[in-house]
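Colleague: Can you read through this structure? Questions will come right after.
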Ligand code: LLP
């Protein structure tokens with residue numbers, strides 16, 4: 001469920017009409033709903049708690065939406081943060097999320113990043129390979145401490161979905177095999193720079209069926225039991241993220257309640273602290289990209305292009321993954337739908353959000369909303385074609401605030417420098 005509904009013929013976010021935001025901030029702009037963020041976090045937490053899964057750590061995947069105000073909204077509810085860079089750790093800390101609730105994942109952490117994590121008390125460093133484990137140990141010892149680590153396992157299951165976001169097959173770059181995990185865990189337990197606390201996996205994103213997750217989780221449970229059988233302490237099992245969301249053109253994916261019930265079933269009797277790294281399921285449907293129609297360009301043979309002021313640099317998912325986003329006019333006209341290609345102004349054909357989409361009739365000046373754009377939207381935006389980085393707005397009831405302002409062209413140019421041999 002989300003809080004973007006028609007109210008008096010106009011699409012609103014909670015109690016704020018999107019026209020008001022467009023007038024105040026301009027377009028394109030991302031708009032997020034506090035109520036939806038809070039609801040999604042709470043629904044997941046309650047589902048896990050109601051299934052008797054203890055007091056799980058829900059570490060929101062910062063890569064899906066890294067705005068500090070969004071992170072604080074979730075942190076205030078008790079969320080932790082799953083991070084993949086020093087920048088993301090800094091964002092989580094700036095949002096007030098304590099180090100012990102921060103998880104640090106990623107296949108290519110640098111020594112500097114590991115040192116930063118250790119000095120800021122990051123609670124779980126997810127080690128993805130043997131050399132990385134040794135690096136963590138070296139850095140920790142040089143700082144006179146121990147790195148609290150979990151070993152990331154690649155469970156070699158196929159999660160379905162888009163190949164670019166599948167992570168759990170053995171030919172993907174993530175994690176180690178089960179046998180390596182056992183060997184590394186035992187090694188880590190005898191290493192002065194390491195404190196292994198658990199194991200972790202993450203098999204992909206936008207996973208709509210529970211079967212691949214269940215297959216991976218059963219294998220992870222087996223690993224925990226084998227490690228314990230060898231006398232090794234395993235406190236935590238981090239089951240990653242990946243649960244899909246409805247993008248409107250597909251069967252409804254498994255719900256958080258189904259997900260929690262499946263975990264309770266596969267983990268029955270296993271005494272461990274669970275951790276999760278959800279991103280998309282919390283923030284995707286909590287955000288939209290609001291854009292204005294610049295022109296309706298009609299070819300003589302009939303194809304109609306709705307040219308927007310948003311482009312692939314603002315929302316890259318359709319160009320990159322052929323992703324489907326529902327497009328809703330803010331003030332939908334009555335009458336028969338019209339078939340449009342919805343495109344941006346960037347100079348390449350890939351800057352096409354959708355082809356042959358039936359929409360209520362559009363006209364220049366109309367506002368349209370790309371739904372389900374709260375995850376992997378603003379975070380993947382760029383300045384391609386020297387377009388200003390897209391701003392972000394957070395709504396809370398009848399209030400809204402700009403949480404990332406639109407930069408100015410002066411800001412954009414000021415970041416660059418002229419070498420002395422080119423100075424005038
Ligand atoms: N944990 C790890 C280690 C991950 O790699 C990811 C996502 C997550 C958690 C969160 O997954 P989620 O719950 O959001 O599915 N840019 C792509 C998605 C890339 C996902 C990468 N990893 C897209 O726009 O669909």
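Colleague: Any idea what log10 I(q)/I(0) is at q = 0.06, 0.09, 0.14 Å⁻¹ for the chain, Debye with uniform C-alpha scatterers and no solvent?
Modeller: Listed by q, the Debye log ratios stand at -0.27, -0.60, -1.24.
Colleague: Additional query: Just report the Cα centroid separation between the range 199-264 and the range 348-412, whole Å.
Modeller: That distance is 33 Å.
Colleague: So, by mean Cβ neighbours within 10 angstrom, what's the order for 201-214, 37-50 with the highest one leading? Could the numbers behind the result be given before it?
Modeller: Working: 201-214: 22.6, 37-50: 18.9.
Most protected by this proxy first, the peptides run 201-214, 37-50.
Colleague: Would you please calculate the Kirkwood hydrodynamic radius of the range 47-180 over all C-alpha pairs and express it in Å, rounded to one decimal?
Modeller: Working: mean 1/r = 0.0635 Å⁻¹.
Result for the range 47-180 stands at 15.7 Å.
Colleague: For a Förster distance of 35 Å, can you work out the FRET efficiency between the beta-carbons of residue 192 and residue 170, rounded to the nearest 0.05?
Modeller: Numbers: r = 31 Å, r/R0 = 0.89.
The computed FRET efficiency comes out at 0.65.
Colleague: Who wins for biggest fluctuation among 24, 140, 261 in a Gaussian network model of the chain, springs between alpha carbons below 10 Å?
Modeller: 24
Colleague: A further question on this structure: Using 7 Å Cα-to-Cβ label points, what is the residue 384/residue 235 separation (nm, one decimal)?
Modeller: Placing both labels 7 Å beyond Cα along the Cβ direction yields 4.4 nm.
Colleague: Then there's this: Once you place label points 7 Å from the Cα toward the Cβ at residue 398 and residue 100, how far apart are they in nm?
Modeller: Each label point is offset 7 Å from its Cα along the Cβ direction, giving 4.1 nm.
Colleague: I would also like to ask the following. Give me the one-decimal nm value for the distance between modelled label points at residue 119 and residue 361, 7 Å along each residue's Cα-to-Cβ direction.
Modeller: So the label points at residue 119 and residue 361 sit 6.4 nm apart.
Colleague: Determine the gain in length on full extension of the stretch residue 209-residue 297; use 0.36 nm per residue of separation and subtract their C-alpha separation, reporting nm with one decimal. Numbers along the way, then the final one.
Modeller: Details: separation 88, 0.36 × 88 = 31.68 nm, distance 4.02 nm.
My answer for the length gained is 27.7 nm.
Colleague: Pick out which of 195, 164, 219 has the largest mean-square fluctuation in a Gaussian network model of the chain, springs linking Cα atoms closer than 10 Å.
Modeller: Of 195, 164, 219, the Gaussian network model singles out 164 as fluctuating most.
Colleague: While we're on this one: How much length would be gained if the chain were fully extended between residue 271 and residue 334, taking 0.36 nm per residue of separation minus their Cα-Cα distance, in nm to one decimal? Mind dumping the intermediate values first?
Modeller: Numbers: separation 63, 0.36 × 63 = 22.68 nm, distance 5.70 nm.
Stretched fully, the residue 271-residue 334 segment lengthens by 17.0 nm.
Colleague: Mind ranking 292-302, 250-260, 146-156 by how tightly packed they are, going by the mean number of other C-beta atoms within 10 angstrom, highest first?
Modeller: Descending mean neighbour count gives 146-156, 250-260, 292-302.
Colleague: Of the beta bridges DSSP finds with both residues in the chain, what % are antiparallel, to the nearest 5? Kindly include the intermediate steps, with their values, before the conclusion.
Modeller: Working: 33 of 67 bridges.
Looking only at bridges with both residues in the chain, the antiparallel portion is about 50 percent.
Colleague: Tell me, what is the Rg over Rh of the range 350-424, with Rh the Kirkwood radius over Cα pairs? Don't jump to the answer; show the numbers that get you there.
Modeller: Working: Rg = 17.8 Å, Rh = 16.4 Å.
Ratio of gyration radius to Kirkwood radius: 1.09.
Colleague: Let me ask something else about it. Ranked highest first by the average count of other Cβ atoms within 10 Å around their residues, in what order do 233-246, 274-287, 318-331, 65-78 fall? Intermediate values should be presented prior to the final figure.
Modeller: Working: 233-246: 22.4, 274-287: 26.7, 318-331: 18.2, 65-78: 20.1.
Final packing ranking: 274-287, 233-246, 65-78, 318-331.
Colleague: For the range 70-113, state what percent of all Cα-Cα pairs lands in each successive 10 Å bin, counting from 0 Å until the bin that includes the largest distance.
Modeller: Going from the shortest bin to the longest, the percentages are 31, 53, 15, 1.
Colleague: Between residue 111 and residue 417, what is the FRET efficiency for a Förster distance of 30 Å, r being their Cβ-Cβ separation, to the nearest 0.05?
Modeller: Details: r = 28 Å, r/R0 = 0.93.
After rounding, the FRET efficiency stands at 0.60.
Colleague: Turning to a different aspect of this structure: Calculate how large, on average over all directions, the projected area of the Cα convex hull of the range 193-344 is; give the answer in nm² to one decimal.
Modeller: Working: hull surface 53.8 nm².
For the range 193-344, the mean projected area of the Cα convex hull comes to 13.4 nm².
Colleague: Mind running the shape call on the range 34-282? Use the C-alpha gyration tensor, a ≥ b ≥ c as the square roots of the eigenvalues: rounded below 1.5 for a/c, prolate if a/b tops b/c, oblate otherwise. If you can, show how the numbers build up before the last one.
Modeller: Values: a/c = 1.58, a/b = 1.21, b/c = 1.30.
Taking the square roots of the gyration eigenvalues as a ≥ b ≥ c, the range 34-282 is oblate.
We did not get these values from a lab; they are worked out from the coordinates using the rules stated. Here the structure is a predicted model, which is why all the values come from computation and not from measurement. Every residue, glycine as well, gets a Cβ built from its backbone with ideal geometry; the counts of neighbours run over all protein chains shown.
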